[in-house]
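Here's the structure, in structure tokens; my notes come after.
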Amino acid sequence: MNHRGIHQFVAGFTVGDAISNEALILRIMFRRWGYTSEIFCETSHTGPALRHEARDAARTAELIAPDDIALLHLSIGSAVNEIFAGLACRKALRYHNITPAIFFRGLQEELAHDLAWGRDQARTLSKTAAVNMADSQFNAGELTAMGYPDVHVMPLVLNFGAINARADRSVLRALRDGLVNILFVGRCAPNKRIEDALLAFNYFQKTVEPNARFIHVGSFAGLERYQALLSVYARNLHLNHVIFTGSVPQGELAAYYETAHLFLCMSEHEGFCIPLIESMAHNLPIMAYAAGAVPETLDGAGVLVREKRWDYIAEMMGILTRRGPVREAVVRGQKERLARYQERDLEAELKSYLAPLLEKAEGRI
């Protein structure tokens with residue numbers, strides 16, 4: 001075992017969170033490489049279920065040695081970012097995007113403040129790390145614009161074992177009732193434009209398929225005001241069969257994907273968008289608005305929407321939810337895209353990007 005360490009820093013550490021999931025996978029990799037490896041987070045931002053997996057970021061100085069490597073997952077304003085900047089060790093940074101604060105103004109001012117703070121911190125960190133990485137070309141472009149040199153692009157390292165978890169039987173039974181299920185998965189956040197998905201569903205239910213159900217799966221913790229507005233919106237549109245599930249366990253999430261007929265994403269800001277990959281893994285046709293990193297994540301698969309024309313969208317939703325050559329072609333294209341994703345050796349890519357730091361840590365330079 002190498003006595004040197006590769007330690008990760010996250011602004012939040014909770015079950016089901018994409019960055020938390022990747023940090024756990026990377027920790028396994030780093031330990032497999034022979035390094036000690038811990039995940040540091042503020043105790044107040046660590047979920048109860050993961051307390052035993054995290055170290056208190058306040059204790060960083062006494063636990064990190066000069067020859068260790070610190071990897072910051074940058075996603076929001078946080079005291080962890082300042083702790084990282086002050087470390088006297090080798091550093092790498094991984095950017096997951098910071099959603100523009102404007103999406104949250106008037107709905108969640110505290111979060112809007114933290115996002116604006118994060119953008120400020122991101123600019124000040126531009127010369128801090130020797131290795132800079134982003135999980136999409138879209139995110140890399142943001143780092144470059146903020147003055148970061150030589151940004152490497154490596155997509156998220158995902159746990160496909162969890163994505164392909166056994167589907168919850170009770171959810172499967174409940175949703176296989178003859179209705180056409182339109183699904184969106186993602187945090188209940190204003191940048192996701194769930195109200196636009198409801199508008200598309202409104203046209204779909206009123207003009208194409210009356211026996212349809214809209215399902216949103218995703219946490220609305222801290223954004224209860226936005227979720228309440230969406231509920232009112234659905235009621236004012238006189239929509240039938242609209243479900244907001246909140247956060248669900250992995251088995252239930254798998255069941256929602258399995259029983260859906262279409263994944264509909266009208267989000268206007270995505271740094272990557274994992275649910276697109278999850279949909280591909282479940283052979284679920286995707287229709288998504290071409291914003292942020294969505295076109296890049298789809299990489300030629302799915303159906304991209306470049307204009308929010310609800311009548312056109314509803315008509316295409318009808319085609320994609322019915323068996324036929326178009327749906328089959330879309331699913332086939334998504335399978336090919338997923339295969340390209342899974343064929344990449346992301347562990348080898350990560351090791352190559354970190355190589356200059358690893359060589360120094362091992363004393364070869």
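Each reported figure results from applying straightforward, stated rules to the coordinates on display, with no laboratory input. Keep in mind that what you see is a predicted model, and the values were worked out from it rather than measured. With ideal geometry, Cβ positions are generated from the backbone for all residues, glycine too; neighbour counts draw on all protein chains shown.
Using the Cβ of residue 341 as centre and a radius below 13 Å, the other residues enclosed give a net charge of -4, where K and R count +1 and D and E count -1.
With Kirkwood radius over Cα pairs in Å in mind, check (1) 23.2; (2) 21.5; (3) 20.7 and report the label derived from this structure. Computed from these coordinates, Kirkwood radius over Cα pairs in Å corresponds to label (2). Count Lys and Arg as plus one, Asp and Glu as minus one, and take only other residues whose Cβ is under 9 Å from that of residue 101; the net charge is then +1.
Take the Cα of residue 221, step 7 Å toward its Cβ, do the same at residue 177, and the gap between the two points is 2.9 nm. Sorting the segments 73-79, 149-155 by their mean number of nearby beta carbons within 10 angstrom, highest to lowest, gives 73-79, 149-155.
Charged neighbours of residue 280, selected by a Cβ distance under 9 Å, balance to +1 (K, R count +1; D, E count -1). For the pair residue 329 and residue 206, the difference between a 0.36 nm per residue extended length and the Cα-Cα distance amounts to 41.6 nm. Taking label points 7 Å from Cα along the Cα-to-Cβ direction, residue 235 and residue 247 give a separation of 2.6 nm. Remark: relative contact order (the chain) = 14 percent; criterion is Cα-Cα distance under 8 angstrom and separation of 6 or more residues. Note on the chain: Lys pairs 8 or more places apart or on different chains, Cα atoms under 30 Å apart, count 12. Using R₀ = 30 Å, calculate the FRET efficiency as 1/(1 + (r/R₀)^6) where r is the Cβ-Cβ separation of residue 137 and residue 117; round to 0.05. E between residue 137 and residue 117, to the nearest 0.05, is 0.75.
In terms of its C-alpha gyration tensor, region 161-342 comes out rounded, because the ratio a/c of the largest to the smallest axis stays below 1.5.
Around the Cα centre of the chain, unit charges on the Cβ atoms of Lys, Arg, Asp and Glu (plus for the first two, minus for the last two) sum to a dipole of about 580 debye. Ranked by the mean number of other Cβ atoms within 10 Å per residue, highest first, peptides 46-59, 287-300, 184-197 order as 184-197, 287-300, 46-59.
How would region 1-145 be classified by its alpha-carbon gyration tensor: rounded, prolate or oblate, with rounded meaning a/c under 1.5 and the a/b versus b/c comparison settling the rest? Prolate, since a/c reaches 1.5 and a/b exceeds b/c.
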